[in-house]
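Below is one structure, written out as C-alpha cells; comments come after it.
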Amino acid sequence: MPLTTPDTSVTPIVLRDGAVAIGGRPVLRGIDLTVATGEFVALLGANGSGKSTLVRALTGLRPLTRGDLRLFGVPSGDFDQWQRIGFVPQRSGAASGVPASVREVVSSGRLARRRLLRPLGAVDRRAIDDAIALVGLTERTGDGVGTLSGGQQQRVLIARALAGDPELFFLDEPTAGVDLHHQQVLADALGALKDRGSTVVQVAHELGPLAPLVERVVVMSDGRIAHDGAPADAPGHHDHGHHHDVRRHDHVPHVSSPLERDR
Amino acid sequence: MSPAELFSLPFMQRALLAALFTGVAAPAVGTYLVQRRLALMGDGIGHVAVTGVAIGLLTGWSPTWTAVVVAVLGAIAIELIRERGHTNGDVALALLFYGGLAGGVLITGLGNQSAARLQQYLFGSITTISAGDVVVTMVLAAIVIGVCVGLAAQLFAVAQDPEFARVAGLRVRFYNLLVAVLAAVSVTVAMRTVGLLLVSALMVVPVATSQQLSRSFRTTLGAAMLLGALASVGGLVVAAFASYQAQVAPGPTIVLLSLLGFVVTWPVGVWLRHRARLRTPFADEPLGHDVSDDHGHETHDHGPECGHVAVPHDDHVDYVHDGHRHAVHGEHYDEH
C-alpha cells in the first residue's frame with residue numbers, strides 16, 4: 001500500500017456543541033469531540049444511543065442542526081478533500097441488483113482520487129490489489145460479492161475504504177457478523193493502519209480482538225457523550241441508558257403521504 | 001422478394017440502424033436501473049411519455065421531442081419522489097404512471113387523432129421511421145451509450161452504495177438525476193422501435209439474461225448491450241421475413257426474442273448458482289470430528305475422479321457424500 005505521511009499539523013476532527021435532529025426529534029445534542037492525528041477511538045453505546053448517527057454526522061451524511069464541525073481544519077460545509085477520508089458503512093450495500101465482483105467494489109474506493117473519464121492507472125491498480133490482499137480476499141478477487149459470506153462482504157467494504165489510502169477512517173460496526181478468526185484478521189489490518197499513523201474512529205458493539213488497539217473510548221448514551229477516556233476507565237456500556245423506541249420504516253406503501261419526508 | 005432486395009429497401013435500412021442503436025442504448029441504462037432495483041422505472045417513464053406524444057399530436061410539434069421533454073420531466077419527478085419517499089415511493093410512482101397514460105389517451109382524443117396514430121408510439125412502428133428520425137435516434141442513443149460507458153465507475157459506485165459514494169465526494173443526487181434523464185432519453189429513443197409500453201423489456205430483459213452467467217458488473221453491462229443489439233436487430237429481421245406469411249409487428253417480436261434469450265439462459269444460471277453454492281468452502285470450525293464408519297468405501301477411494309462434490313475446507317478437501325462430509329485421514333475418513 002503506498003504510504004502517505006499523514007499531515008500532523010491539522011486536527012482531523014473538531015466538533016463543538018454538535019446536535020443532530022432526525023425528523024424534528026433531537027437525537028444527538030451537546031457533542032464535543034476532538035480526535036487528534038493517529039488516535040484510535042472506539043464509539044460505544046447501547047442500540048439507539050446515537051453512535052452511528054454521530055459517525056454519519058461526522059462524515060457529512062447527516063446534517064448538524066447545531067454546532068461547528070471541522071475536518072482537517074476545514075469547516076464541514078467547505079470540505080472537499082474526500083480522498084483523506086475512508087468510510088466503512090454498516091454492511092448492507094455490498095450486494096445489489098446486478099452482480100459485481102470484489103475487485104469492482106473495491107475499485108470504487110479509488111474514485112475520490114480519480115479524475116472523470118480517466119481509466120484506472122497503475123497506482124490505482126496496485127492500491128486495489130494491496131487493499132484486497134490486506135483483508136485476505138486475493139483468491140476471491142473475481143468472484144461476485146453476492147456469493148461471499150457476510151463476514152467476507154464486510155471485509156470487501158473495508159478493502160474499499162483502504163484502497164483510497166485515506167488518513168482518517170470511519171468504521172460503522174466493522175466486526176458485526178464477522179467470525180472470531182476474521183475479526184483477528186481485521187484487527188491486524190487496522191493495527192497496520194494505526195502503525196502507519198492513520199486516525200481511526202470506529203463504532204463498535206464489542207471490542208473483541210480490537211481491544212488492544214483502542215486507546216480511547218467514547219461511550220454514547222441517549223444521544224450524549226457519557227464517558228470519554230481510556231478504555232480501562234470506561235463504565236460497562238451494556239445496560240445503562242434507556243433504549244430509544246426506534247421507528248423503522250415498514251414496507252407497507254404509504255398511500256396517505258407518498259411525498260412526505262421522514263428521515 | 002429475396003433477402004438482398006429486402007435489405008436494399010431504404011425503409012428497411014433505416015429500421016435496421018434504429019434497431020441497432022436502441023438495442024445497445026436501452027440495456028446500457030437498464031443495467032443501472034436493475035442495479036438500483038428500479039427495473040420498472042423504464043416502464044413508468046414510458047407511461048408518462050404517452051402524454052408527451054399526445055401533446056405532440058395535439059399541437060403538431062414533433063411527438064419525438066415533446067415525448068423527450070415530458071419523459072425527462074417525469075423521470076426527474078420519479079427520482080425526486082424516490083429519493084424523498086418511504087421505501088421506493090412505489091405508490092407515488094403508480095400515481096404518476098397512470099396519470100401519464102390516462103392523460104395521453106385523453107389528449108389524443110381531444111386532438112381528434114385516431115387511436116391508431118397513438119398506437120404507433122405505444123407498440124412501435126420502426127418501419128415507418130423517417131430519415132430525420134433515424135439521425136435523432138442515432139445521436140441520442142450515442143449520447144446515452146457514451147455516458148453509460150464513460151461514467152461507468154461513478155454510476156456504478158453511486159448505485160452500489162450511495163452513502164459511500166457521498167463520502168467519496170461524488171455528487172450522488174446529480175448522478176441519480178443523470179441516470180433518470182438517460183433512462184427518459186432512451187425510452188423515447190426506443191419508442192419508435194418497440195413502443196412505449198414494451199420499452200422497459202428492452203431495458204431490463206437483456207440485463208436479466210446476462211446476469212445469469214456473469215459475475216462482474218462490467219461483463220453484465222457489456223453482455224446486456226450485446227444481447228440487446230442482437231435481440232432488436234434479430235427481431236426486426238425475423239419480423240421482416242415472417243411478414244410474407246402473416247402480419248408480424250417488429251416491436252413485440254424484438255421483445256419476445258429477448259425473452260427467449262432469457263428463457264434459454266435461465267436454467268444455465270440456476271445450475272451455475274446451485275453448483276457455486278455446493279462448492280462454497282466450509283468454514284473452519286474447531287469442533288473435533290468422528291471417524292467415519294467406512295460405509296460405502298469398499299467400492300472406491302474419494303479423489304478428484306470419484307464424482308462426489310469436492311469442497312475446500314481449511315487446508316484439505318471434504319467429499320460430500322450422502323449428507324456427510326468425508327475427509328481423508330491416513331487410512332480412514334473423518335466425518336467433518
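A single member of A:ALA131, A:ALA161 is closer than 24 Å to A:LEU44 by Cβ and at pLDDT 80 or above, and it is A:ALA161.
Being under 16 Å from the mean Cα position of the chain (by Cα), under 16 Å from B:ALA71 (Cβ atoms) and modelled with pLDDT of 90 or more is the filter here; which residues of the range B:149-201 pass it? Matches in the range B:149-201: B:VAL179, B:ALA180, B:LEU182, B:ALA183, B:ALA184, B:VAL185, B:SER186, B:VAL187.
Hey, any hits in the range B:14-36 for a residue that's in a loop (DSSP other than H, G, I, E, B), within 14 Å of chain A (Cβ to nearest Cβ) and either among the basic types (Lys, Arg) or under 15 Å from the mean Cα position of the chain (by Cα) (or both)? Yes.
Looking at the range A:190-199, can you tell me whether even one residue there is modelled with pLDDT of 85 or more, crowded, with 19+ Cβ neighbours inside 10 Å and not in a helix (DSSP H, G or I)? Yes, the range A:190-199 contains a residue that is modelled with pLDDT of 85 or more, crowded, with 19+ Cβ neighbours inside 10 Å and not in a helix (DSSP H, G or I).
Checking B:ALA71, B:ALA116 one by one, the residue that is within 24 Å of B:ALA131 (Cα to Cα), in contact (Cβ under 8 Å) with a residue 60 or more places away in the chain and assigned to a helix (DSSP H, G or I) is B:ALA71 and no other. For the range A:157-166, the criterion of being more than 10 Å from every other protein chain (Cβ to nearest Cβ), within 28 Å of A:SER52 (Cα to Cα), part of a loop (DSSP other than H, G, I, E, B) and of a type in the set (A, V, I, L, M) is satisfied by no residue at all.
Screening B:GLY234 on (1) more than 19 Å from B:LEU151 (Cβ to Cβ); (2) surrounded by 24 or more Cβ atoms within 10 Å (Cβ to Cβ); (3) more than 14 Å from chain A (Cβ to nearest Cβ) shows it passes everything except condition (2).
Kindly evaluate B:ALA152 against the criterion of being in contact (Cβ under 8 Å) with a residue 24 or more places away in the chain and away from chain A (no Cβ under 13 Å). Against the criterion (in contact (Cβ under 8 Å) with a residue 24 or more places away in the chain and away from chain A (no Cβ under 13 Å)), B:ALA152 does not qualify. Of all residues in the range B:35-55, exactly one satisfies the criterion of being surrounded by fewer than 24 Cβ atoms within 10 Å (Cβ to Cβ) and modelled with pLDDT of 90 or more, namely B:ILE55.
Residues of the range A:60-101 that are in contact (Cβ under 8 Å) with a residue 24 or more places away in the chain, facing chain B (nearest Cβ under 9 Å) and surrounded by 20 or more Cβ atoms within 10 Å (Cβ to Cβ): A:TRP82, A:ILE85, A:GLY86, A:PHE87, A:VAL88, A:PRO89, A:ALA94, A:PRO99, A:ALA100, A:SER101.
Every residue, every condition in (1) buried (at least 20 other Cβ atoms within 10 Å of the Cβ); (2) among the aliphatic types (A, V, I, L, M); (3) more than 10 Å from chain A (Cβ to nearest Cβ), yes or no:
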| site | (1), (2), (3) |
| --- | --- |
| B:THR127 | no, no, yes |
| B:VAL135 | no, yes, yes |
| B:ALA159 | yes, yes, no |
| B:GLU163 | no, no, no |
| B:ARG166 | no, no, no |
| B:PHE174 | no, no, yes |
| B:LEU177 | no, yes, yes |
| B:VAL187 | yes, yes, yes |
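Among the residues of this structure, A:LEU111 does not count as one that is loosely packed, with under 14 Cβ neighbours inside 10 Å, under 17 Å from B:VAL158 (Cα atoms) and facing chain B (nearest Cβ under 9 Å).
Tell me which residues, restricted to the range B:120-138, are in contact with a Leu (Cβ under 9 Å, 6 or more places away or on another chain) and in a helix (DSSP H, G or I). Scanning the range B:120-138 gives B:TYR121, B:LEU122, B:PHE123, B:ILE126, B:THR127, B:VAL134, B:THR137, B:MET138.
Among the conditions (1) aliphatic (A, V, I, L, M); (2) in contact with a strand residue (DSSP E or B) (Cβ under 9 Å, 6 or more places away or on another chain); (3) surrounded by fewer than 15 Cβ atoms within 10 Å (Cβ to Cβ), A:LEU213 misses just one, which is (3). Scan the range B:85-112 residue by residue and report those that are farther than 17 Å from B:VAL70 by Cα, more than 14 Å from chain A (Cβ to nearest Cβ) and surrounded by 15 or more Cβ atoms within 10 Å (Cβ to Cβ). Of everything in the range B:85-112, just one residue is farther than 17 Å from B:VAL70 by Cα, more than 14 Å from chain A (Cβ to nearest Cβ) and surrounded by 15 or more Cβ atoms within 10 Å (Cβ to Cβ), namely B:GLY111.
The values are calculated or read from the model by the stated rules, or taken from the named source; none is laboratory data. Computed from a predicted structure; not experimentally measured. Heads up, the Cβs are rebuilt from the backbone with ideal geometry, glycines too, and the neighbour counts pull from every protein chain shown.
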